1. Can you name every residue in the stretch 225-242 that is closer than 15 Å to VAL283 by Cβ and away from ligand 1 (no atom under 16 Å from the Cβ)?
2. Among the listed residues ILE231, ILE253, which satisfies the condition of being within 16 Å of ligand 2 (Cβ to nearest atom) and open to solvent by 10 Å² or more (accessible area, probe 1.4 Å)?
3. So for the stretch 104-119 (the condition being within 16 Å of ligand 2 (Cβ to nearest atom) and not in a strand (DSSP E or B)), does at least one residue qualify?
4. Collect the residues in the stretch 164-191 that are crowded, with 16+ Cβ neighbours inside 10 Å and either within 16 Å of ligand 2 (Cβ to nearest atom) or at positive phi (or both), keeping them in residue-number order.
5. Say we look at the stretch 187-205 and pick out the residues that are over 14 Å from the mean Cα position of the chain (by Cα) and among the hydrophobic types (A, V, I, L, M, F, W, C); which of these is nearest to ligand 1 (Cβ to nearest atom)?
6. I want to confirm something. Restricting to the stretch 60-79 and keeping residues that are within 15 Å of ligand 1 (Cβ to nearest atom) and in a strand (DSSP E or B), which single residue is farthest from TYR28 (Cα to Cα)?
7. Mind counting the residues in the stretch 55-85 that are within 14 Å of ligand 2 (Cβ to nearest atom), closer than 17 Å to LEU12 by Cα and open to solvent by less than 30 Å² (accessible area, probe 1.4 Å)?
8. Only one of these is within 25 Å of LEU224 (Cα to Cα) and in contact with an Asp or Glu (Cβ under 6 Å, 6 or more places away or on another chain): VAL133, VAL137, VAL121. Name it.
Amino acid sequence: MKASTINTHAILSCRNVWKVYGPEPEQYFVHGEPSGDQAELAARMRRDGHIPACVDVSFDVHKGEIFVIMGLSGSGKSTIVRCLSRLIEPSYGQITFEGVDLLSMSPARLIEIRRHKIGMVFQSFGLLPHLNVIDNVCFPLKLQGLPLAEQRTRAQRVIELVGLEGREDNFPHQLSGGQQQRVGIARSLAVEPDLWLLDEPFSALDPLIRRQMQDEFLRIQRLLKKSIVFITHDFLEALRIADRMAIMRDGRIVQVGTPAELVVNPVDDYVAEFSRDVPLVRVLTAKDCLAPGSKPASLSSKDGVPMATPLEDLLPKLAAHPRGLVVTRPDGQTTGYLNSLSVVAALSRKADQPGEPDKAQAGLQR
Ligand SMILES: Nc1ncnc2c1ncn2[C@@H]1O[C@H](COP(=O)(O)OP(=O)(O)O)[C@@H](O)[C@H]1O
Ligand SMILES: [Mg+2]
């Protein structure tokens with residue numbers, strides 16, 4: 001199969017990546033490329049006693065976005081996110097980070113990149129039990145060889161960012177799960193990474209704490225604007241957090257798109273099943289509800305709403321402005337307008353039938 005072209009504008013590009021576990025995974029890639037139909041090849045691997053954990057995975061992560069990979073347990077999420085920093089070696093494929101081929105990088109350069117450019121957070125927190133909070137956060141800075149005073153200043157800054165000031169001298173066992181994960185987050189941010197990888201960071205936490213941590217995470221992201229790959233098995237968490245998301249099943253990515261695209265146009269029954277009970281007011285935004293045609297002269301741009309405004313926040317505004325609202329882009333320019341009719345139309349657009357298979361990779365930027 002011909003590899004898709006790498007997108008050089010993305011901070012991270014992943015093309016046709018395979019990871020096969022088992023006794024002899026190399027046998028499938030001896031001729032350079034996995035041949036024939038990818039699904040059939042994966043089925044053959046399974047029959048032969050191999051586990052194709054990632055099957056022909058392609059996606060881009062854009063600068064400053066939160067890209068969520070969502071899928072059930074065992075669908076290959078941890079494998080792919082570990083391939084992104086080469087904690088796991090892919091069996092086949094191409095990964096570029098900031099335009100540089102990650103897979104042909106020397107071990108020394110790779111260590112350099114992991115230490116300075118990539119931050120990771122794990123579900124199990126991964127803290128060092130014999131170190132207190134500040135020493136845990138300083139740990140990666142020590143590996144970088146930063147002077148002690150600078151380690152402390154940086155660590156203190158991120159400890160405050162995650163709301164743990166006052167707990168610097170506590171050891172991990174003295175902290176709740178949520179607090180321990182705040183330490184994990186602070187530690188990964190201390191290196192000021194360009195790419196932030198989070199593998200189910202909130203899955204071990206109670207639902208209420210999880211919700212709080214999601215809010216905190218979004219607050220931190222509004223401040224830092226990192227490029228993020230966030231893994232979760234929780235569809236609602238994905239919808240809350242994602243700018244764009246990918247759904248994984250049995251090692252494959254079955255759909256990539258914005259939360260609204262996935263809910264309104266699920267590519268198959270599998271994706272549709274996740275979104276079946278999701279209220280559209282929670283996923284649609286102003287830009288999904290635009291009215292056709294150009295803005296009536298009677299609508300004033302001073303009552304404009306940003307295109308990313310969630311529908312649930314729009315409804316009270318629309319009630320106060322029954323003639324409609326102007327919708328603006330991040331640069332403040334008008335992109336269109338919406339009114340009650342266009343909102344109702346958007347709400348009734350949800351397909352009764354699953355979409356066409358060719359929409360599967362609709363969100364993939366080539
Ligand atoms: N080191 C390994 N050796 C063999 N099989 C593995 C290994 N790691 C993961 N797997 C298998 O690969 C598949 C994907 O696992 P994983 O990436 O951990 O999924 P997820 O993170 O979505 O739960 C599963 O079938 C799992 O059992
Ligand atoms: Mg996992």
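The values are calculated or read from the model by the stated rules, or taken from the named source; none is laboratory data. Given the structure is predicted, the values throughout are model-derived calculations rather than measurements. Because the Cβ atoms are built from the backbone with ideal geometry, glycine has one as well, and the counts that use them run over all protein chains shown. Ligands, DNA and RNA are stripped out before the accessible areas are found, and what is left, the full protein with its side chains, is counted by its heavy atoms. Shrake-Rupley method; radii C 1.70, N 1.55, O 1.52, S 1.80 Å.
1. Those that are closer than 15 Å to VAL283 by Cβ and away from ligand 1 (no atom under 16 Å from the Cβ): LEU236, LEU239, ARG240, ILE241, ALA242.
2. One residue alone meets the criteria, ILE253.
3. No.
4. GLN181, GLY184, listed by residue number.
5. Filtering first and then ranking leaves ALA204.
6. Among those residues, the one meeting the criterion is VAL68.
7. 8
8. Of the residues listed, the single one that is within 25 Å of LEU224 (Cα to Cα) and in contact with an Asp or Glu (Cβ under 6 Å, 6 or more places away or on another chain) is VAL133.
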